[in-house]
């Protein structure tokens, strides 16, 4: 039976979304990730956080499937890609947590469509993709 990945708000080493990406990789490898998520593996937020860290998603996937913890994988990313300064955490977390809210690059349109398709068009409290995940995956109602 498909399971939902962890909340996008969860953090590893101070970065939101990272544990969700790792969880999606593990669930997919175990055949437990819902089909709706398959097309976004390595794309969307997965692709963005890997690009931000300057690592390849395929390399992260290999490490996770090989049994590495989220913490060990992030440490590898920080050593292999680029190290982060305090401001980088602020930039990533601020961007990721607000994605879908007032984006000029199509992010808002994507969010609004996802919200409508999920049956949440009338829910004004859903303002970002992270909010959408919380409601769509049943952590909030």
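Across segment 64-84, the number of residues qualifying as closer than 14 Å to residue 23 by Cβ, touching a helix residue (DSSP H, G or I) at 6+ places or on another chain (Cβ under 8 Å) and without any contact (Cβ under 8 Å) to a residue 24 or more places away in the chain comes to 1. Within segment 19-28, is even one residue free of Cβ contacts under 8 Å to residues at least 12 places away in the same chain, assigned by TED's automatic domain parsing to the domain that holds residue 1 and more than 13 Å from residue 6 (Cβ to Cβ)? Checked against the condition, which is being free of Cβ contacts under 8 Å to residues at least 12 places away in the same chain, assigned by TED's automatic domain parsing to the domain that holds residue 1 and more than 13 Å from residue 6 (Cβ to Cβ), segment 19-28 yields no hits at all. Counting only residues that are closer than 15 Å to residue 44 by Cβ and either surrounded by fewer than 17 Cβ atoms within 10 Å (Cβ to Cβ) or free of Cβ contacts under 8 Å to residues at least 12 places away in the same chain (or both), how many does segment 118-136 have? Count: 0. Criterion first (at pLDDT 95 or above and under 14 Å from the mean Cα position of the chain (by Cα)) does residue 78 satisfy it? Against the criterion (at pLDDT 95 or above and under 14 Å from the mean Cα position of the chain (by Cα)), residue 78 does not qualify.
Where helices (runs of 4 or more DSSP H) sit wholly within segment 35-140, those with at least 3 residues that are not assigned by TED's automatic domain parsing to the domain that holds residue 1 occupy 86-98, 107-117, 129-136. Give me the residue from segment 1-33 that is at pLDDT below 95 and over 19 Å from residue 131 (Cα atoms) and, out of that set, surrounded by the fewest Cβ atoms within 10 Å (Cβ to Cβ). Looking at residues that are at pLDDT below 95 and over 19 Å from residue 131 (Cα atoms), I get 1. Pairs meeting the criteria (first residue in segment 31-51 and within 16 Å of residue 81 (Cβ to Cβ), second residue in a loop (DSSP other than H, G, I, E, B), beta carbons under 7 Å, at least 6 apart or on different chains) are 46/40; 49/17; 50/56.
Has segment 76-90 got any residue that is closer than 24 Å to residue 30 by Cα and surrounded by 13 or more Cβ atoms within 10 Å (Cβ to Cβ)? There is at least one residue in segment 76-90 that is closer than 24 Å to residue 30 by Cα and surrounded by 13 or more Cβ atoms within 10 Å (Cβ to Cβ).
The values are calculated or read from the model by the stated rules, or taken from the named source; none is laboratory data. Nothing here was measured: the structure is a model prediction, and the numbers come from that model. Every residue, glycine among them, receives a Cβ derived from its backbone with ideal geometry; neighbour counts consider all protein chains shown.
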